[in-house]
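The values are calculated or read from the model by the stated rules, or taken from the named source; none is laboratory data. What you are looking at is a predicted structure, and each value in this text was computed from that prediction instead of being measured. Quick reminder, even Gly has a Cβ in these numbers, built from the backbone with ideal geometry, and neighbours come from all protein chains shown.
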Amino acid sequence: MTGDHSLDTRVGLPDALRVLVREYPRDIWQSHRNFDALTRFWLERHMMFREVLGKLQDETEAFLDRKRDPAGFGRQTAQLAGFFLNQLHGHHQIEDAHYFPTLARLEPRLAEGFVLLDADHHALGGHLHGLAEDTNAMLQGLSRGGNAAGQTEAGTLHTRLARFGGFLDRHLLDEEDLVIPTILHHAPRL
């Protein structure tokens, strides 16, 4: 596998890592005999991350459009952001420590892909840190009170959420295209 495959520039998995997803395309996953609680759980977690991020974006847009009161926006954003950051961080830790090494041993042809996903987690860690900082700055801005309180910081947070959403979606799609076909292929050995 050659070239730049960093999360910031990648538009999809390299062809060398698409070997199993060609054999097990997305449209057959749920009907496959090896689609079980683990694969369902994995996809549900990914959907939950996308949904919570979407709620954060919607809340921030509503506040910026002055359709959301500052106190309610602050409470909702603090709760959603805390949940999102903690859950995503924990999910990545489990994948890096357990699932990726196990799946790479089962499917050596895709070992570089699991290294790539681990690198994504490190890159996303920096973005998660920035998201936490921007959320905290927005909450501090809201605490100043007044009509324009938190607007500038919410604008910065909105930009961060949009950019992070692109990175997260790229990572989740690529992870699904590596993990789910590997599980379907090797389910009896997991």
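From the list Phe49, Phe63, which residue is part of a helix (DSSP H, G or I), under 22 Å from the mean Cα position of the chain (by Cα) and among the aromatic types (Phe, Trp, Tyr)? Break it down into steps so the answer makes sense when it comes.
On the way: Phe63 fails: under 22 Å from the mean Cα position of the chain (by Cα).
Answer to the check: Phe49.
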For Leu131: the one exception among (1) under 28 Å from Thr9 (Cα atoms); (2) in contact with a helix residue (DSSP H, G or I) (Cβ under 8 Å, 6 or more places away or on another chain); (3) surrounded by fewer than 19 Cβ atoms within 10 Å (Cβ to Cβ)
(3)
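Looking for something of a type in the set (A, V, I, L, M) and within 17 Å of Thr77 (Cα to Cα) - is there at least one such residue anywhere in the range 99-121?
Checking the range 99-121: not a single residue is of a type in the set (A, V, I, L, M) and within 17 Å of Thr77 (Cα to Cα).
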Mind checking which pairs have a first residue in the range 22-35 that is within 15 Å of Leu190 (Cβ to Cβ) and without any contact (Cβ under 8 Å) to a residue 12 or more places away in the chain and a second that is hydroxyl-bearing (Ser, Thr, Tyr) and surrounded by fewer than 16 Cβ atoms within 10 Å (Cβ to Cβ), Cβ under 9 Å, 6 or more apart or different chains?
none
Per the list (1) more than 16 Å from Thr135 (Cα to Cα); (2) modelled with pLDDT under 95; (3) of a type outside the set (D, E, K, R); (4) loosely packed, with under 13 Cβ neighbours inside 10 Å, residue check on Pro108 breaks on (2)
So in the range 14-32, with the set limited to residues that are at pLDDT 95 or above and assigned to a loop (DSSP other than H, G, I, E, B), which one is surrounded by the fewest Cβ atoms within 10 Å (Cβ to Cβ)?
Pro25
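State whether the residues of the range 50-65 include one that is aromatic (Phe, Trp, Tyr), out of contact with any strand residue (DSSP E or B) (no Cβ under 8 Å at 6 or more places or on another chain) and within 24 Å of Gly165 (Cα to Cα).
Start the filter on the range 50-65 by keeping residues that are aromatic (Phe, Trp, Tyr), which leaves 63.
Restricting the remaining residues to those that are out of contact with any strand residue (DSSP E or B) (no Cβ under 8 Å at 6 or more places or on another chain) gives 63.
Next, only the ones that are within 24 Å of Gly165 (Cα to Cα) stay: 63.
So far as the range 50-65 goes, yes, one or more of its residues are aromatic (Phe, Trp, Tyr), out of contact with any strand residue (DSSP E or B) (no Cβ under 8 Å at 6 or more places or on another chain) and within 24 Å of Gly165 (Cα to Cα).
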